[in-house]
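Report on one structure; see the data block that follows.
The values are calculated or read from the model by the stated rules, or taken from the named source; none is laboratory data. Please read these numbers as outputs of a predicted model, since none were measured by experiment. We place every Cβ from the backbone using ideal geometry, glycine too, and count neighbours over all the protein chains shown. Side chains are part of the model used for accessible areas, which takes the heavy atoms of the whole protein and leaves out ligands, DNA and RNA. Shrake-Rupley method; radii C 1.70, N 1.55, O 1.52, S 1.80 Å.
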Amino acid sequence: MELLVLCPHFAPDTAPTGEVMTAIARGLTDQGHRLRIVTSLPWYRQHAVEVGWEGRIVRHEDTPWGRITRLHPFPTDKRNIPARALAFGAFTAETGLASLVGARPDGVLAMSPPLTLGLAGAAAARRWGVPFVFNIQDVFPDVAIELGKLTDPRLIRAARALERTCYRLADAVTVLSEELRDNVAAKLPVGSRTRVEMIPNFVDLDRVAPGERCNAYRAELGIGDEPVVMYAGNVGFSQSLDLVVAAARELPEVTFVVNGEGSARPDLERSAAGLANVRFVDYQPRERLAEVLAAGDLHVVPLRRGLAMASVPSKLYSILAAGRPVLASVDEGTEVARTVEAAGAGRAVPPEDPAAFLAALRELLADRASLAASGASGRAFVEAWVSPDAVAGRYAALFDELRTARAVRA
């Protein structure tokens, strides 16, 4: 089978969604399928096209399993919603045009965000007369509305109309959790709700494995044997990292590390000015992920109120794979909270609650043996999960089902 894949990021770009799609693609190609990837030039880290990739609007890379076409992403400041919308529109137009040429695929897989790629995916599927699967990583515009970044009622109505249209144009919509399935299904006509498929998250257990806590990463930062609370990931407006700074003021004996970059980091650094126990570290090469995660005695996953209903951070599963415990600040009963509880891998507290967050930190850090046991429990939990190859197989099987149904209708 040959699939056309439309995604905003792909290796070597470091975005979490790029990591997800790269792993799925690797699983599909390992199973003998061919792919044509249409994606962006690497730009996630600094919201600018990375050094070495500048100078051309389009780049093609031929591989043993197919072709990667990389397009200019028109990067903008994430805080400027109108500019981002224009950039997404321009990238979608590029992607749509690139998808209409070349050999006929057997199916089209597109990823959101950005939501607009649903239109490009639907257009390509119609052009080639093949099934279209729309993969939802975060539900938009719900996330933007919850963050207060999208407030104009007219724009909200337009975004919701676009969202419903993209879902209806897809032969199947895949989501990561039960909450996301309920969210998306509620926006479809009753007779179309069976189109929403839950394909679970996965983690690469070979790439991310438990390691020594006192490692080279700690040494580079001048950190010894003291307890380390780690946040590793995008430093954006979805994360309530102000909880980390507030906790650091109360726990001077604990080192807090924020490893990542993003639009919210400058303000966060200003807030933490003068706190000797808070370290900010830039993104590390993906090859160091296991080492970075191992350096933390406790990892935090803080999402602003309402966002855990529309988003499942992939970092959670990497933390569990690294054998490290988690303190999640998320909405009760969501996938993140359920996973932490089911894994016996830490604690979940209500979102944006500094007192509850600090109390949980104190309690968890008070017993290092218990922390280690929670980390081991999390590793054992994800070892029973599906692998990236198994998830790729689910996508291949879904396309086979859709192609068979289309042939029967014809």
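Odds and ends about this structure:
- Estimated translational diffusion coefficient (Stokes-Einstein, Kirkwood radius over Cα pairs, 37 °C, 0.692 mPa s) of segment 186-232: 213 µm² per second.
- Tail weight of P(r) past 23 Å, computed on alpha-carbon pairs of segment 206-315, percent: 26 percent
- Descending Cα extents along the principal axes, segment 309-410, whole Å: 64, 27, 17
- Remark: segment 211-223, residue by residue, has Karplus-estimated 3J(HN,Hα) of x, 5, 6, 8, 10, 5, 4, 4, 4, 4, 8, x, 9 Hz, where x stands for each Gly or Pro and the curve is 6.51 cos²θ - 1.76 cosθ + 1.60 at θ = phi - 60°.
- Taking all pairs of distinct alpha-carbon atoms in segment 2-43, Kirkwood radius in angstrom: 10.3 Å
- Convex hull (Cα only) mean projected area of segment 149-231, reported in nm² to one decimal: 9.9 nm²
- Gyration tensor verdict on segment 252-389 (Cα atoms; rounded if a/c is under 1.5, prolate if a/b is larger than b/c, oblate otherwise): rounded
- Taking the inverse of the mean 1/r over every pair of distinct Cα atoms in segment 42-194 gives a Kirkwood hydrodynamic radius of 16.8 Å.
- Rolling a 1.4 angstrom probe over the protein heavy atoms with all chains in place gives the chain an accessible area of 41 Å² per residue.
- Cα gyration tensor of segment 272-340 - equivalent ellipsoid semi-axes, whole Å, descending: 22, 17, 11
- With loop membership from DSSP and a limit of 13 other Cβ atoms within 10 Å, the longest segment of the chain without GluC sites (Glu not before Pro) is 55-211.
- Along principal axes, Cα extents of the chain, largest first, whole Å: 67, 45, 42
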